[in-house]
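**Q** Quick one: the structure is below, questions incoming.
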Amino acid sequence: MKFRRTVPLSIGVLVILGALVFAQSGPVVEKMPKSKNFDIPEDLDDSVKKLLKECETEMEQRLEDIKNFKEHQDKMMKAAKKAAQKAPKCALAQFYLCIGYQGEDKDKLALKAIDKGLKLKPDFYELEVERADILVREEKEDKALKIYDKVIEEHPDYYYTYEAKFSFMLKQKKWKEALEMLNKILSHPHLERLDKNLKEFKPILESEVKGLNLPIKAEGPHYIVDTDVSQEYADFILKHAETIWKAYNKVFKSNKMKKGEKFPITIFANRQSYLNYGGPPQSAGFFHPTLQRVVFIKSSREGTFTNTLYHELFHQFLSAQKVALPYWFNEGHADFFGGFKLNEAKNQMVCYTNSVRTNTIRQAVQSGRAAPLSQLITMTRDEYYNPQTMGRNYAQGWSFVYFLWRAENGKYTGYVKKYFSLMKKKKYSLKEMYQKVFARNIGTIEQAWQAFVRRGFK
Ligand SMILES: [Zn+2]
């Protein structure tokens, strides 16, 4: 059933160093058999049957057509409200209401629908699992866990309970229990196509359960480096990390790490130990948002090394703030900081253009192949990481972020600040944020940005 994932599972994102990104994350489940609770009751009015059918379609569409999530969500809600009104004894209508309310962040109303639905149909166990999800959000973890375990015991075929308990355990940083659920998910008989990221996550999670057991450590105020390279190397990484942290913090204050909690960085001396840890074979490193860990192989190419380090550490830094990040914003800023360089004498970071991106975007602008900014700013994950255009998107994302911060003595910084503050409110879609911040002046901004790129980022 594809009604899940009102909030996408963050474990879906493995941000790989360089160009590799494992970001393909369609719905985990293609075709799940639904329980009888989802049969549309025969004795209902035809008009209500039609409404319930519409709810089902729109619920699935929300996740397939994620860009128009809100449109599908609204249609589903409208149909569910009508159905619940016309057929007050129908538990299924309450189910769709409860899903819809959760999509609108109205958990209290969702709970009402759950109570009502279960009163009408006490064996509608899918509603119980919805209740557990809400209990997790209310931080009533013990109660939630009881429900998950009960439903797993009584209805082992209901796939979603495993997924819900899995992400719950990840949130709790209970890796062993999370792994147990992941194994259940991966061996579930009804799965036709699995999220590739889940499969790649398994060996990494297994390593977390076993422990890393790396011999060398360096620890600063914000970072812990674990490595099997050398103490000197660990100290070197730590110095870079702590200094770039100050640059991140200057731009994105209020880092919400808990007191005493530090960002983990893990560096392996060679490819084999990296692969043993679970590093994806084609990659040289990644940031994993669930584990909050940046992992990579020691690079021999000093030039691109700090670029990658500052890039990945930025993803890590911002993920601690727990905001859903638009792709251009997240990758663009990661590349923005990737271009920084350490001034050893002053022990501080200096901003430069990102040499990995400059040529690509200059050529794209000159040949008219750059995407319109309105498109770049509203790209979904699949669009941004589309292998055919990914290189250009990264370059364009970087150039736009660099432009917003640096062009014409900071004339455009207000846009990026406003955008980030809206993002923190967590209630707007990509399109809505675009509308609120950029849409009105997009013509002027686009011209100024293009001219900036043509002038050589000056
Ligand atoms: Zn990145």
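Nothing in this text is a laboratory measurement; each read-out follows from the coordinates by a stated rule. The shown structure was predicted, so the numbers you read here are calculated from the model rather than taken from an experiment. Cβ: placed from backbone, ideal geometry, glycine included. Neighbour counts: every protein chain shown.
**Q** Considering amide H positions built from the backbone, and no H for Pro or chain starts, which residues 5 or more places from residue 216, or on another chain, come under 5 Å of its amide H?
**A** 227
**Q** Taking θ as phi - 60°, what are the ³J(HN,Hα) couplings along segment 441-458 by the Karplus curve (6.51, -1.76, 1.60), each to the nearest whole Hz, with x for Gly and Pro?
**A** For segment 441-458, the Karplus-derived couplings read 10, 4, x, 5, 4, 4, 4, 5, 5, 4, 4, 4, 5, 5, 6, x, 6, 10 Hz, x marking Gly and Pro.
**Q** Of 450, 44, 316, whose Cα points farthest to the positive end of the dipole of the chain (charges on the beta-carbon: +1 Lys, Arg; -1 Asp, Glu; origin at the Cα centre)?
**A** 450
**Q** Near the amide H of residue 293, under 5 Å away, which other amide H atoms are found, from residues 5 or more places off or on another chain, if H is placed in the peptide plane?
**A** Close amide H contacts, sequence-distant or interchain: 288.
**Q** List, in order, the whole-Hz ³J(HN,Hα) value for each residue of segment 325-340 obtained from phi through the Karplus relation with A = 6.51, B = -1.76, C = 1.60 and θ = phi - 60°; use x for Gly and Pro.
**A** 9, x, 5, 4, 6, 5, 5, x, 6, 4, 6, 4, 6, x, x, 5
**Q** Now a separate question. For segment 95-243, what number results from the quotient of the Cα radius of gyration and 2.2 N^0.38 Å?
**A** Ratio of Cα Rg to 2.2 N^0.38 Å: 1.39.
**Q** So what's the back-of-envelope 222 nm ellipticity for the chain, counting only DSSP H runs of four-plus at -39500 (n - 2.57) apiece and dividing by all residues, rounded to 500? Present the calculation step by step, with values, prior to reporting the outcome.
**A** Values: 20 runs with 258 residues, N = 458.
Helices in the chain give a 222 nm mean residue ellipticity of -18000 deg cm²/dmol.
**Q** Have a look at segment 28-191 and give its Rg and Dmax from the Cα atoms, expressed in angstrom.
**A** According to the Cα coordinates of segment 28-191, Rg and Dmax are 15.9, 49 Å.
**Q** Give the distance, in whole Å, between the Cα centre of segment 419-458 and the Cα centre of segment 342-385.
**A** Cα centroid to Cα centroid, the span is 14 Å.
**Q** Still on this model: Could you sort the peptides 114-121, 52-59 by per-residue average Cβ neighbour count (10 Å cutoff), highest mean leading?
**A** Top to bottom by mean Cβ count within 10 Å: 52-59, 114-121.
**Q** What list of ³J(HN,Hα) couplings, whole Hz, do you get for segment 282-295 from phi and the Karplus terms 6.51, -1.76, 1.60, once you set θ to phi - 60° and write x for glycine and proline?
**A** 7, 10, 10, x, 6, 10, 10, x, 6, 7, 6, 10, 9, 10
**Q** Can you give me the distance in nm between label points at residue 187 and residue 89, each placed 7 Å from the Cα along the Cα-to-Cβ direction?
**A** Result: 4.4 nm between the two label points.
**Q** With the convex hull built on the Cα atoms of the chain, state its orientation-averaged projected area in nm². It would help to have the intermediate numbers written out before the result.
**A** Working: hull surface 93.0 nm².
Quarter of the Cα hull surface area: 23.2 nm².
**Q** Now, a different point. Quick query: amide H of residue 224 versus all other amide H atoms, modeled in the peptide plane; which residues come in under 5 Å with a sequence gap of 5 or more or a different chain?
**A** 263, 265
**Q** So how much slack lies between residue 415 and residue 232, counting 0.36 nm per residue of separation and subtracting their Cα-Cα distance, in nm?
**A** Length difference between fully extended and current span is 61.7 nm.
**Q** Then there's this: Quick one: how many lysine pairs in segment 344-458 have C-alpha atoms under 20 angstrom apart, if they're 8 or more apart or on different chains?
**A** 15
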